[in-house]
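The values are calculated or read from the model by the stated rules, or taken from the named source; none is laboratory data. Every value quoted in this text rests on a predicted model; they were computed, and no experiment measured them. Here the Cβ positions follow ideal geometry from the backbone for every residue, glycine too, while neighbour counts run over all protein chains shown. Note: accessible area is taken over every heavy atom of the protein model, side chains too, but ligands, DNA and RNA are not part of it. Shrake-Rupley method; radii C 1.70, N 1.55, O 1.52, S 1.80 Å.
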Amino acid sequence: MYSMTYLQNEGSFMAGALAALVTTSTELKGANPEKVIGIIGGMDIPIINDFKAGYKQGAKYVDPAITVVASYVGDFANAPKGKELALAQYNSQKVDIAFNVAGGAGLGLLEAGNSLGKYSIGVDSNQNGLYPGSILTSMGRGLHDLACRWCGH
């Protein structure tokens, strides 16, 4: 057993950097040529906006031309609304990868990304197994695992 702590904006920076690499990739089937990434938060509150700030900074670090589209569910439980917001980002706003910072409501985002052949980033726990190939990593343990694969830790 181990324990780790992290600041949400720091982990989100890494998630944003990954999202920027995905949205500009020519190798990933679900990526489009638009430099637009998404984030769906549970509520418009300081801690969720700290996630958003880190995500945006990480994306802009990789490519300053990236646009970040943000939506808020209004709670952390309404997965159908999370899915509806994600479908709008993917279908209407040219997003090809979105970050879940909406807790249980974000499960709708993950489902939407998978159903459209787009990508998502999970949060809080390793959500990668929910939709393998669609959820590229999760901020928290999943992002740590991805970073460790790159650095060999």
Which numbered condition Asp44 fails, given (1) within 17 Å of Ala112 (Cβ to Cβ); (2) not in a helix (DSSP H, G or I): (1)
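Of these, Tyr55, Tyr61, which one is touching a Gly at 6+ places or on another chain (Cβ under 7 Å), in contact (Cβ under 8 Å) with a residue 12 or more places away in the chain, in a helix (DSSP H, G or I) and of a type in the set (Phe, Trp, Tyr)? Walk me through it before giving the result.
Details: Tyr61 fails: touching a Gly at 6+ places or on another chain (Cβ under 7 Å).
Going through Tyr55, Tyr61 in turn, the sole match is Tyr55.
Matching residues to (1) polar (S, T, N, Q); (2) in a strand (DSSP E or B); (3) surrounded by fewer than 22 Cβ atoms within 10 Å (Cβ to Cβ):
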| position | (1), (2), (3) |
| --- | --- |
| Tyr90 | no, no, no |
| Ala98 | no, yes, no |
| Gly104 | no, no, yes |
| Leu107 | no, no, yes |
| Leu110 | no, no, no |
| Gly113 | no, no, no |
| Ser125 | yes, no, yes |
| Ser138 | yes, yes, no |
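One line per residue, one yes/no per condition, for (1) within 18 Å of Gly16 (Cβ to Cβ); (2) of a type in the set (A, V, I, L, M); (3) in contact (Cβ under 8 Å) with a residue 40 or more places away in the chain:
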{"position": "Ile45", "(1), (2), (3)": "no, yes, no"}
{"position": "Val73", "(1), (2), (3)": "no, yes, no"}
{"position": "Phe76", "(1), (2), (3)": "no, no, no"}
{"position": "Ala88", "(1), (2), (3)": "no, yes, no"}
{"position": "Ser92", "(1), (2), (3)": "no, no, no"}
{"position": "Asp124", "(1), (2), (3)": "yes, no, no"}
Hits in segment 6-51 (condition: open to solvent by 50 Å² or more (accessible area, probe 1.4 Å) and closer than 15 Å to Ser138 by Cα): Tyr6, Leu7, Asn9, Glu10, Phe13, Met14
When residues of segment 54-65 are limited to those that are open to solvent by less than 40 Å² (accessible area, probe 1.4 Å) and out of contact with any strand residue (DSSP E or B) (no Cβ under 7 Å at 6 or more places or on another chain), the one farthest from Asn100 (Cα to Cα): Asp63
Test set (1) open to solvent by 50 Å² or more (accessible area, probe 1.4 Å); (2) more than 13 Å from the chain's Cα centre (by Cα) - Ala79 fails condition number: (1)
